[in-house]
1. Give the carbon-plus-sulfur fraction of the accessible surface of the chain in %, rounded to a whole number; probe 1.4 Å, heavy atoms of protein chains only.
2. Could I get the Rg over Rh figure for the chain? Both from C-alpha atoms, Rh via Kirkwood, rounded to two places.
3. Identify which of H47, H71, H35 has the largest mean-square fluctuation in a Gaussian network model of the chain, with springs joining Cα atoms closer than 10 Å.
4. Report, to the nearest 10°, how far helix 25-35 tilts away from the longest principal axis of the Cα atoms in the chain, using its own Cα long axis and a range of 0 to 90°.
5. By how many nm would the segment from Q77 to L12 lengthen if fully extended, with 0.36 nm per residue of separation less the alpha-carbon distance?
6. Give me the 1.4 Å probe accessible area per residue for the chain, excluding ligands and nucleic acids, in Å².
7. Please compute the length gained on full extension between H47 and S24, using 0.36 nm multiplied by the number of residues separating them and subtracting their Cα-Cα distance.
8. For region 40-93, with equal point scatterers placed on the C-alpha atoms only and solvent neglected, what are the log10 I(q)/I(0) values from the Debye formula at q = 0.13, 0.14, 0.20 1/Å, to two decimals?
Amino acid sequence: MDTQALSDALALAEQEAPGGQGGSLRDTAAALRRHCAPLRVVVVDAHDMRDETPALSSARHRIYLGASDGHCWSVTQDPALAAGLFVSERGPG
């Protein structure tokens, strides 16, 4: 999934979330699952991702691309390797 498609998916997910404006993190993740299938979408704590570079940020959320070797997951900057998305609250910084 390229960055523009991911940006579009996040914008749609945030619009669809109850109350608009992004709704809760879990609501946004559920909408991303619908828009980004078959990619996995995993909710993570912003603190756990503090040393990682997001692929995309919005006013409320950050999205990281996840690569997997079939067992372990890691953050990648290469959309061609993305098998999933990690989504967190924007958090500080």
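1. 50
2. A ratio of 0.93.
3. Maximum among the listed residues: H71.
4. Approximately 70 degrees, to the nearest ten.
5. Working: separation 65, 0.36 × 65 = 23.40 nm, distance 2.21 nm.
Extending this stretch completely gives an extra 21.2 nm.
6. Heavy-atom SASA per residue in the chain reads 57 Å².
7. 6.6 nm
8. Per q value, in the given order, log10 I(q)/I(0) is -0.27, -0.31, -0.63.
The values are calculated or read from the model by the stated rules, or taken from the named source; none is laboratory data. Because the structure is predicted, anything quoted here is derived from the model rather than measured. Don't worry about glycine lacking a Cβ; one is built from the backbone with ideal geometry, like all the others, and counts go over all protein chains shown. Please note that ligands, DNA and RNA were not included when accessible areas were found on the heavy atoms of the full protein model with its side chains. Shrake-Rupley method; radii C 1.70, N 1.55, O 1.52, S 1.80 Å.
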